[in-house]
Amino acid sequence: MRDALRLAPAAPVTLSSYAADATPVGPREKAAGVAATTAIGPRLADLQERLYAASTAGDTRRVLLVLQGMDTSGKGGTVKHVIGHFNPSGCRIRAFKAPTEEERSHSFLWRITKALPEAGEIGIFDRSHYEDVLIGRVRSLAPPEEIERRYDQINNFERTLTESGVTIVKVFLHVSHEQQKRRLLERLDNPEKYWKFNPGDIEERALWPAYQEAYELALQRCSTPAAPWYLVPADRKWYRNWAISNLLREHLEALDPQYPKADFDIEECRRRLLEAP
């Protein structure tokens, strides 16, 4: 899975060359994909528990899932359907909105650092520090030279994280222009989804080419051996969920966290319990 979806470090990226409705590896049909995603749930739960348990014995490793994509690409859906396999007490979920006045007074990485997962946790970022080279670039929220500096700052930041025990799984949810329109119209057709619609989304669609270029630059400039980007086709929700579930499984299996050994006399504790009233 990782090999199939990983973008090569520093390689030019042309998003139009990737089909957003593709199924490059794994199930080809929805029913099989949904079943496979459900079947992987117990394995993910077990790996998460082992990761958290290992932290009680001093293991400092943790996982950070970074979700980026255009509106309607499925960042929230991923949190609901994939992270739902995990124990919420071991997860740290953060959805990054427009920065507050306090956050703007600091480096763009300040609020990111404050939201990082702790040892044994799985962190999930719904949007992230990449907004500062995406909307920041498209909307000219910072001078061009500042945007340029941020790519290197991001790479240095992520390298430092990986060196401190953070496994970073960066996923770009690749949705097509046509599918985004259908999903936005669905929100207008369903009163229960009005809350998910923002009239500003229409303006953002007009900037689609600029956003695609900004994403291509970010994916190229910030896909590194330590923290590569994974491109997940997102037009098919069931495939998106299956792919990200398996990406997390593979990364957690590579970590292979272990339950800590007992630091007490097991038989003595059993004897005491049996003898207790």
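The values are calculated or read from the model by the stated rules, or taken from the named source; none is laboratory data. Small disclaimer: the values here were computed from a predicted structure and weren't measured. Note: ideal-geometry Cβ built from the backbone for every residue, glycine included; neighbour counts use all protein chains shown. The protein model used for the area step is the full one, side chains on, heavy atoms only, and it has no ligands, DNA or RNA in it. Shrake-Rupley method; radii C 1.70, N 1.55, O 1.52, S 1.80 Å.
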Considering only residues of the stretch 208-228 that are part of a helix (DSSP H, G or I) and touching a Pro at 6+ places or on another chain (Cβ under 8 Å), which is farthest from R137 (Cα to Cα)?
-> Q220
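Consider E29 carefully, then state whether it is under 29 Å from G165 (Cα atoms), without any contact (Cβ under 8 Å) to a residue 40 or more places away in the chain and over 19 Å from the mean Cα position of the chain (by Cα). Show your work before the answer.
On the way: under 29 Å from G165 (Cα atoms): no; without any contact (Cβ under 8 Å) to a residue 40 or more places away in the chain: yes; over 19 Å from the mean Cα position of the chain (by Cα): yes.
It is false that E29 is under 29 Å from G165 (Cα atoms), without any contact (Cβ under 8 Å) to a residue 40 or more places away in the chain and over 19 Å from the mean Cα position of the chain (by Cα).
Among the residues of the stretch 160-190, which ones are basic (K, R) and open to solvent by 10 Å² or more (accessible area, probe 1.4 Å)?
Here is the first cut: in the stretch 160-190, the ones basic (K, R) are 170, 181-183, 187.
Across the stretch 160-190, the qualifying residues are K181, R182, R183, R187.
So for the stretch 53-65 (the condition being modelled with pLDDT of 95 or more, in contact with a Lys or Arg (Cβ under 6 Å, 6 or more places away or on another chain), of a type in the set (A, V, I, L, M) and surrounded by 13 or more Cβ atoms within 10 Å (Cβ to Cβ)), does at least one residue qualify? So that I can check it myself, show each step before the final result.
Of all residues in the stretch 53-65, those modelled with pLDDT of 95 or more come to 53-65.
Right, trim to in contact with a Lys or Arg (Cβ under 6 Å, 6 or more places away or on another chain) and you get none.
Looking through the stretch 53-65, none of the residues is modelled with pLDDT of 95 or more, in contact with a Lys or Arg (Cβ under 6 Å, 6 or more places away or on another chain), of a type in the set (A, V, I, L, M) and surrounded by 13 or more Cβ atoms within 10 Å (Cβ to Cβ).
Does the stretch 60-77 contain any residue that is assigned to a loop (DSSP other than H, G, I, E, B), out of contact with any Leu (no Cβ under 7 Å at 6 or more places or on another chain) and under 19 Å from E163 (Cβ atoms)?
Of the residues in the stretch 60-77, the ones assigned to a loop (DSSP other than H, G, I, E, B) are 60-61, 70-74.
Checking the rest, the ones that are also out of contact with any Leu (no Cβ under 7 Å at 6 or more places or on another chain) come to 60, 70-71.
Okay, now just the ones that are also under 19 Å from E163 (Cβ atoms), so 60.
Within the stretch 60-77, one or more residues are assigned to a loop (DSSP other than H, G, I, E, B), out of contact with any Leu (no Cβ under 7 Å at 6 or more places or on another chain) and under 19 Å from E163 (Cβ atoms).
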Which residue pairs have Cβ atoms under 9 Å apart, sit 6 or more places apart or on different chains, and have a first residue in the stretch 75-101 that is polar (S, T, N, Q) and a second that is at pLDDT 95 or above and open to solvent by 70 Å² or more (accessible area, probe 1.4 Å)?
-> N87/E49; N87/Y52; S89/Y52
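Out of curiosity, is P277 outside any strand (DSSP E or B), without any contact (Cβ under 8 Å) to a residue 12 or more places away in the chain and under 22 Å from I147 (Cβ atoms)? Outline the logic, then answer.
Values: outside any strand (DSSP E or B): yes; without any contact (Cβ under 8 Å) to a residue 12 or more places away in the chain: yes; under 22 Å from I147 (Cβ atoms): no.
Spelling it out, it is not the case that P277 is outside any strand (DSSP E or B), without any contact (Cβ under 8 Å) to a residue 12 or more places away in the chain and under 22 Å from I147 (Cβ atoms).
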From A95, A142, grab the single residue that is open to solvent by 10 Å² or more (accessible area, probe 1.4 Å), more than 20 Å from S164 (Cα to Cα) and within 17 Å of the chain's Cα centre (by Cα).
-> A95
